[in-house]
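Just so it is clear, none of the values below were taken in a lab; they were calculated from the coordinates. These numbers come from a predicted model, not from an experiment. Here the Cβ positions follow ideal geometry from the backbone for every residue, glycine too, while neighbour counts run over all protein chains shown.
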Amino acid sequence: MGMICYDYSVFSFNKDLSTIRSLMLTLNRPLCFFDIESTGTQVAKDRIIELFVLKVYPDKKKESKQWLLNPTIRIPDEVIAIHGITNEEVADCPTFAERADEIFSFVHHCDLAGFNSNRFDVPMLGEELMRCDHVLDIRTISCVDIQNIFHKKEPRNLTAAYKFYCNKELTDSHSAKADTIATYEVMMAQMEKY
């Protein structure tokens, strides 16, 4: 199969909660929730170390698979500190290339979902599959990023921070004085909390 290179940033993946509800209520094909642990965050350079996929079928049946993989490159110490997977732990594991056919057949023709998946996991999986002559054609599937829904429904702005940390409403937001005072109060509350 020929390789096709996609710029994942070109596609709009901003699915809202109604889209995920619609997908879950009326699945026409499986929806694969997945997460990746890798050697780093550079999609073109880094490699997948661990992949877990929970496949939910239209009849709500669930199936899952997990792969621990030898990335063929060294896992940096600072990355090991994040996910805890060591170079020694994966030294005798199969490589992604050795499991690519199995992985591709498990996710092929499925919609995809994950947390921050559209910015990292989908491009990383697509890149790894392309190296093995498989195409993850995101033009033909839905990719739902649960983090996007979270951020839309639970805003990450000064008003939300003020409510969360100070348990107060920011009634005059976007006035320089109110925003400055609220920022100070949020910082003080953060120092107390953390």
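Under 10 Å, Cα contacts only: if you run a Gaussian network model on the chain, which one of LYS152, LYS60, LYS177 comes out with the highest mean-square fluctuation?
LYS177
Could the peptides 92-104, 116-128 be put in order, highest first, of the mean number of other beta-carbon atoms found within 10 Å of their residues? Don't skip to the end; give the middle numbers.
Details: 92-104: 15.6, 116-128: 21.8.
Put in order of decreasing packing, that is 116-128, 92-104.
Hey, what did the range 44-194 get for relative contact order, percent, Cα under 8 Å, at least 6 apart? Show your work: numbers first, answer last.
Working: 137 pairs, mean separation 23.7, N = 151.
Once divided by the residue count of the range 44-194, the mean separation gives 16 percent.
At a Cα cut-off below 27 Å, give the lysines reachable from LYS168, other chains included and same-chain residues fewer than 8 away excluded.
LYS168 reaches LYS152, LYS153, LYS177, LYS193.
Give me the net charge for the shell around LEU54: Cβ to Cβ below 11 angstrom, other residues only, Lys and Arg +1, Asp and Glu -1.
Details: positive: LYS55, LYS62, LYS65; negative: ASP35, GLU63.
Local charge sum for LEU54: +1.
Please give me the summed charge of the neighbours of ALA100: other residues whose Cβ is under 9 Å from its Cβ, Lys and Arg +1, Asp and Glu -1.
Values: positive: ARG99, ARG131; negative: GLU98, ASP101, GLU102, GLU128, ASP133.
My count for the surroundings of ALA100 gives -3.
Using a Gaussian network model of the chain with C-alpha springs under 10 Å, which one of ILE138, ILE48, ILE82 is most mobile by mean-square fluctuation?
Sorting by GNM fluctuation, first place goes to ILE82.
Please work out the C-alpha center-to-center distance from the range 112-130 to the range 26-77 and express it in whole Å.
For the range 112-130 versus the range 26-77, the Cα centre distance is 8 Å.
In the range 49-185, what percentage of the DSSP-assigned beta bridges are antiparallel, given to the nearest 5?
Details: 7 of 11 bridges.
Percent antiparallel among DSSP bridges in the range 49-185 is about 65.
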